[in-house]
Amino acid sequence: MTQTPHAPLAIEELRRVCATAHFGGTILYFDRIDSTNTAAARLAHEGAAEGTVVIAETQTHGRGRLGRTWVSPPFANLYLSIILRPPLRTAEAPVLALVVGLATAEALGTWTPLVGLKWPNDVLINGRKAAGILTEMDSAQDRVRSVIAGIGVNVNGRTAALPLELRDKATSLRDAVGHPVDRVDVAHRLLSRLEARYDEFVRQGFAALRGPWDALSCLHERRVEIEDGARRYAGTVAGLADDGRLRLRTDAGEEVFVVAGDVTVVGGYQRP
Ligand code: BTN
């Protein structure tokens with residue numbers, strides 16, 4: 001597969017390589033859109049099938065977690081959302097972000113061994129953010145109707161072009177491997193990996209993915225502080241529980257399970 005960097009995504013090629021798959025069998029492509037998550041949510045509401053993908057060259061209102069903006073310049077990166085219809089209760093849905101994160105990390109890991117996961121849903125390369133995941137749910141009477149899994153991957157963006165305050169926090173696949181990477185190839189590997197991990201999750205639950213997730217975690221045995229909106233936790237990460245909650249050993253020796261939150265690694269990723 002060949003693609004000139006900073007050319008439009010070769011969408012027909014992506015459709016061709018995904019044609020027989022469940023995830024990506026239908027792909028809607030937009031040159032420019034507000035947010036692929038918003039468009040996918042609309043389609044899901046209208047009854048679009050699981051596995052339908054919305055992909056855009058650029059987003060005018062790309063959204064990140066916690067109300068943040070996801071800056072989405074054209075031609076360099078991937079911005080895509082996929083419709084999922086998992087047989088779950090609403091309380092079980094947050095773990096899907098971990099499933100998507102694992103698949104994304106494994107797909108990027110086929111280019112570089114420096115990939116890691118930062119709970120709950122950041123994919124890092126060499127300790128810097130290379131991809132982010134935003135899952136949004138629609139539900140009825142305690143059952144999930146759909147989850148939109150939005151994935152933004154920094155593929156060919158250059159760290160040097162980022163605002164100063166982001167340069168030591170973000171990176172791209174291109175910066176990691178030293179040459180431009182084909183976006184069709186990234187999207188294809190990502191969707192295949194996601195289909196495989198999602199099927200495993202639906203059949204066996206998150207417990208089956210906990211081991212692979214923990215193996216890629218950048219937080220294991222790190223000292224962290226976690227803000228979940230209501231509480232602030234501090235302690236050492238002891239891994240994940242079978243339901244995807246983060247296990248934390250507090251300084252008082254207590255074990256706590258954190259459901260969601262924003263994690264700060266004390267002292268960064270350098271080991272003492
Ligand atoms: C985060 O790390 O804060 C999550 C970022 C998620 C960004 C992706 S890009 C495709 C999809 N559409 C959006 O508006 N957001 C997600």
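The values are calculated or read from the model by the stated rules, or taken from the named source; none is laboratory data. The structure presented is a predicted model; accordingly, all values stated were derived computationally and were not measured. In this analysis, Cβ positions are derived from the backbone assuming ideal geometry, glycine residues included, and neighbour counts consider all displayed protein chains.
Does the range 62-83 include one or more residues that are free of Cβ contacts under 8 Å to residues at least 60 places away in the same chain, within 16 Å of the chain's Cα centre (by Cα) and more than 26 Å from A161 (Cβ to Cβ)?
No, the range 62-83 contains no residue that is free of Cβ contacts under 8 Å to residues at least 60 places away in the same chain, within 16 Å of the chain's Cα centre (by Cα) and more than 26 Å from A161 (Cβ to Cβ).
Hey, does the range 91-111 have a residue that's touching a His at 6+ places or on another chain (Cβ under 9 Å) and surrounded by fewer than 17 Cβ atoms within 10 Å (Cβ to Cβ)?
no
For (1) touching a residue at least 60 places away in the same chain (Cβ under 8 Å); (2) on the phi < 0 side of the Ramachandran plot, each residue gets a yes or a no:
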| residue | (1), (2) |
| --- | --- |
| A107 | yes, yes |
| T112 | yes, yes |
| G116 | yes, yes |
| V123 | no, yes |
| G127 | yes, no |
| E136 | yes, yes |
| R143 | no, yes |
| V147 | yes, yes |
| G150 | yes, yes |
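Any residue in the range 195-207 that's modelled with pLDDT of 95 or more: show its pairings with residues that are acidic (D, E) and not in a helix (DSSP H, G or I) at Cβ separation under 6 Å, as long as the two are six or more apart or on different chains.
These pairs meet every condition: A207/D242.
Does the range 78-128 hold any residues that are assigned to a helix (DSSP H, G or I), among the polar types (S, T, N, Q) and within 15 Å of F23 (Cβ to Cβ), and which are they?
T104, the sole residue that qualifies.
Within the range 62-69, does at least one residue satisfy the condition of being buried (at least 16 other Cβ atoms within 10 Å of the Cβ), within 13 Å of the ligand (Cβ to nearest atom) and over 20 Å from V265 (Cβ atoms)? Show your work before the answer.
Step one: list which residues in the range 62-69 are buried (at least 16 other Cβ atoms within 10 Å of the Cβ), which gives 62-63, 65.
So of that shortlist, the ones also within 13 Å of the ligand (Cβ to nearest atom) come out as 62-63, 65.
Among the residues that remain, those that are also over 20 Å from V265 (Cβ atoms) are: 62-63.
Yes, because at least one residue in the range 62-69 is buried (at least 16 other Cβ atoms within 10 Å of the Cβ), within 13 Å of the ligand (Cβ to nearest atom) and over 20 Å from V265 (Cβ atoms).
One residue is enough: does the range 64-74 have a residue meeting the conditions among the polar types (S, T, N, Q), modelled with pLDDT under 95 and in contact with a Ser or Thr (Cβ under 8 Å, 6 or more places away or on another chain)?
yes
Identify the single condition in (1) in contact (Cβ under 8 Å) with a residue 40 or more places away in the chain; (2) over 30 Å from G51 (Cβ atoms); (3) out of contact with any Gly (no Cβ under 8 Å at 6 or more places or on another chain) that R223 does not satisfy, given that it satisfies every other one.
Looking at each condition in turn, R223 falls short on (3).
Cβ-Cβ below 7 Å, separation at least six or inter-chain, first residue in the range 241-262 and farther than 22 Å from G205 by Cβ, second charged (D, E, K, R) and not in a loop (DSSP other than H, G, I, E, B): which pairs?
These pairs meet every condition: R249/E255; G261/E227; D262/E227.
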